[in-house]
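Coordinate-derived values only; no laboratory data. This structure is a prediction, so every number in the text was calculated from the model and none was measured. Positions of Cβ are generated from backbone atoms using ideal geometry, with glycine treated the same way; all protein chains shown enter the neighbour counts.
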Amino acid sequence: MARTENQEWPILKHYDKDHLFNIALPLGGIGTGCVSLGGRGELRDWEIMNKPAKKFSTVTTGNDAPFFAIFVQPQDGQSITKALIGPIDEVEHMHMAGRPVNHHGLPRFGNASFDAAYPFGQVNLSDDNMPILVKIKGYNPLIPGNDDLSGIPIAVLYYEVTNTSDKLLDVAVCGTMRNFVGNDGSKYNTGGDGDIYPYGSKSNTNVFKQQDELQGIYMYSDNVDKNDAAWGTMALSTNCTTGTVSYRTSSSSNDWNHAVLDFWDDFSAGGILHEKDKLIDDDPMASLAIKQTISAGQTVCFPFYITWNFPNRYAWCATIVGNYYSTQYSDAWDVVLKTHPLLSELEELTLQFVNTFLASDYPGVIKEAALFNLTTLRSQTVFRLPDGHMMGWEGTFDVVGSCFGSCTHVWNYEQATAFLFGDLARSMRDVELNYATMPNGEMKFRVSLPLTAPQTWSGPATDGQMGCVMKMYRDWQLSGDNDFLQQNWQQLKKVLSFAWLPGSWDADQDGVMEGSQPNTMDVNYFGPNPQCNFWYLGALKAATLMATFVKDKDFANKCNNLYEQGSKYMDDSLFNGEYYEQKIIDPKSGKYLKIDDPNVPDYQLGNGCLVDQLVGQMFSHICGLGYLADTHNIQKTLQSIMKYNYLDNFQNHFNNMRSFVLGNESGLLMASWPKGRLKVPFPYFSESMTGFEYTAATGMIYEGQIENGLKCIQSIRNRFDGRKRTPFEEPECGHHYARSMTSWAAVLAWSGFSYSGVEKSMTFADKIGYYFWSNGYAWGSCTILRNKACLTVLYGEIELSQFCIKGRPIKTFEIKKISKNMSETFVF
């Protein structure tokens, strides 16, 4: 049913007309791919065919790219037809062939702005020559704790049109898109007229369907290899039951770009489409329109849904591994059939999540960083195998994935998956422990596909492997699933014990990693260093508690002894009074080297101040494991990172590698050398990357260094302002980089939230306010007052027998099961 009243959507961030150029908000589910809503209303980056597709439309570009248009007819005036897109930016005018941007030849609205609170995006369009205002509203359901309802291959688009005149208006809104099944952005051929056509598009088939309240165009192809990653189906549909729905399943032959001309003339004649003679008109450019009458001052909603199903995912292997979402839906029409009855509930749940989060007393910049980086879960960085396992690239390049294998040392940093979608996080633990781990405990930090095939990656990563031990502890605690720990304990022991094998990282078993340590800097560190050793200490502390739980007393004692030795070493030998540094060992002689020794190997840290040297400590706080070294030293180190690594602007900064921060922008350097730089440091030392910055900023917030922590996060988000960069992804080695989801850790640090399903306990910091919380399976709010706290579950269910506000007496009681819409008040 068409909505006649505006459903209010929340707004976290407003982008004015000067900050729209790079906005691209992904509309798609977890593991489904997406199409993005641009800042001016354009649909861009069609990434629905199992691969990235940045910077072009995936279909034929120019005026033939998919778009929506509007027809407006005053009762006693001249009709107007325009594309539902804001104005072309001045930087887009120059092009060698007069085709500088998609939809360059279509009349556009004169004014545009964008409002966002992910996953909700809203484009505001107006024009001095039109008696209407248009709000384009796009989203895909995002419901923490429910990966299926957050993994639907659909883009929901509502075009809300307001009549600003004092007269009746006849208004039609139309979506037009060519059937480009078979074209994933890399398969083009040249037509006889010199134009570029997508593979298969001239013989693909469109069918008009009606079922229940749904009407729309179903798109498929018999001309594409059924094993091709770009073989599948698409649909453009509506559930509008008022007004008039019309359609075309094809357009005229596209010689000299005639197809879009034929459509435009048809639609502009009266806002009603007319089916073409398919014996003559063979271009599969399909259109679907809704025409309604709008009274003066009235707002009417025109709903549209874009759905898809492309089952043949190859990912990083030569074998089809498939998509989980394709096991839930038979084709693109089945997607909308099954989703349509749930749309009201899905929107309500998504709004409840976002509204609760936005109402919380987190600083706005923390909300923005945490919420907007969830787009990574909905990008082509992430996919799910048919059995449900979540897999991930590190990120995506423009047309291919970036760095395969659910890379442990990258995915170690992010916290969003575990705290919002616990089942997906645990599926990654299963891959790491039961598919990527060899009999001797070596964990391949890049996993091969299919999972049943032999693992071919060459070796482990020190930080990746130790971080996986900590992630196992975190996910066990959040889930409270003791069987999950029991079933994986022997594998977990192997993974940690690998560090103690001859020739491994801590072969002498003294709690200090001296061996060659491959790590996320894509080099091997030789000798004890804070980055890998804090990961190790966190793993030892977590393993001590897990071993104690499963009654493996000997292993628990061993891990605890090593932890105590290693922690003391960190403070006694690596802390230099300001921060922790590396002691370099000669890989040939095994002897310690002075920093100026000519035998110092290349690509080390040495006495540099590393931005994420405390990443293991950050994770330890998140897990509730406490401090891994002296509290004062930890706090001093974070102050030193701010002192030595933060730049107010980068105009005078030399960087021989990649530039993610430029000009007068600010941020944290990967490393600094206040006492003199190594001649050849690790490769990324002069760069600045957001996932690492969030790590340091989160650590600062945990230590009460609030001003510095917020300053670092604000510096990041200032760079993603809509004009210079899209606000909805933070690149590192590729778009939608997984490490950027470390931003969710700032939410945890600010609220002090932790939950143990094992002990049935929940904890918050003693900070008066209203806070959203989530453990990956349930979520809700907690209001903390001077003498009491009120905990509410809004989704899912938790069990509690302890509730704690740090610094106040712990409330202990019989186990309570708190379900949706239930609250408990604790008086202190």
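Some points to look at:
- Estimated vicinal HN-Hα couplings, Hz - the stretch 262-267 in sequence order (Karplus 6.51, -1.76, 1.60; Gly, Pro = x): 4, 4, 4, 5, 5, 5
- Share of alpha-carbon pairs per 5 Å distance bin for the stretch 675-828, given as whole %: 2, 8, 15, 16, 15, 13, 11, 9, 6, 4, 2, 1, 0
- Over the chain, dividing the summed -39,500 (n - 2.57) contributions of all DSSP H runs of at least 4 residues by the number of residues returns a 222 nm mean residue ellipticity of -7500 deg cm²/dmol.
- Label-point gap, in nm, between Asp597 and Gln490 - each point 7 angstrom along Cα→Cβ: 4.3 nm
- Around the amide H of Leu43, modelled in the peptide plane, lie the amide H atoms of Gly38, all under 5 Å away and 5 or more residues distant in sequence or on another chain.
- Structural descriptor for the stretch 13-348: relative contact order 18 percent, calculated from alpha carbon pairs under 8 angstrom and at least 6 residues apart.
- Distribution of pairwise C-alpha distances over the stretch 360-751, 10 Å bins, in %: 5, 25, 35, 26, 8, 0
- Alpha carbon convex hull of the stretch 478-610, projected area averaged over orientations, nm²: 9.1 nm²
- Each residue of the stretch 394-410 is assigned a 3J(HN,Hα), and the resulting list reads 6, x, 9, 7, 4, 10, 9, x, 10, 6, 6, x, 6, 3, 4, 6, 8 Hz, derived from the Karplus form 6.51 cos²θ - 1.76 cosθ + 1.60 (θ = phi - 60°), x at Gly and Pro.
- Rg to Rh, two decimals, where the stretch 754-827 supplies the alpha carbon set and Rh follows Kirkwood: 0.91
- Once backbone amide H atoms are built at 1.01 Å from N, Gln604 has Phe682 as its partners under 5 Å, excluding neighbours fewer than 5 places away on the same chain.
- Across the stretch 754-827, Cα pairs under 8 Å and at least six residues apart give a relative contact order of 30 percent.
- The stretch 460-537: translational diffusion in µm²/s, Stokes-Einstein, Kirkwood Rh over Cα pairs, 20 °C, 1.002 mPa s: 164 µm²/s
- 3J(HN,Hα) from dihedral phi, the stretch 756-764, Karplus parametrisation 6.51/-1.76/1.60, rounded to Hz, x for glycine, proline: 10, x, 7, 8, 6, 10, 9, 9, 10
- In the chain, the alpha-carbon atoms span a convex hull of 164 Å³ per residue.
- Isotropic mean projected area of the C-alpha convex hull, the stretch 361-479 (nm²): 8.6 nm²
- Between Lys551 and Asn227, the contour length at 0.36 nm per residue exceeds the alpha carbon distance by 111.6 nm.
- Considering the stretch 531-680 at the alpha-carbon level, its Rg and Dmax are found to be 17.8, 57 Å.
- Extension reserve of the His632-His93 stretch, reckoned as 0.36 nm per residue once the Cα distance is removed: 188.4 nm
- Under the Debye formula (equal points on every Cα, no solvent term), log10 I(q)/I(0) of the stretch 47-185 at q = 0.15, 0.18 Å⁻¹: -0.92, -1.20
- FRET efficiency for Asp18 and Ile706, using Cβ-Cβ distance with R0 set to 30 Å, rounded to 0.05: 0.45
- Calculated P(r) of the stretch 127-176 - Cα pairs past 15 Å, %: 61 percent
- Once backbone amide H atoms are built at 1.01 Å from N, Ala24 has Phe728 as its partners under 5 Å, excluding neighbours fewer than 5 places away on the same chain.
- Counting Lys and Arg as +1 and Asp and Glu as -1 over every other residue whose Cβ lies under 14 Å from the Cβ of Asn557, the net charge comes to +2.
- The chain, relative contact order [Cα under 8 Å, separation at least 6], %: 12 percent
- Projected area averaged over orientations for the stretch 13-348, convex hull of C-alpha atoms, nm²: 17.1 nm²
- Listed residue pairs exceeding 21 Å between alpha carbons, taken from Lys13/Lys51; Lys767/Lys788; Lys17/Lys82; Lys135/Lys291; Lys137/Lys291; Lys54/Lys724: Lys13/Lys51
- Partner lysines whose Cα lies under 26 Å from the Cα of Lys493, excluding those fewer than 8 positions away in the same chain, are identified as Lys444, Lys471, Lys541, Lys551, Lys553, Lys558, Lys568, Lys760.
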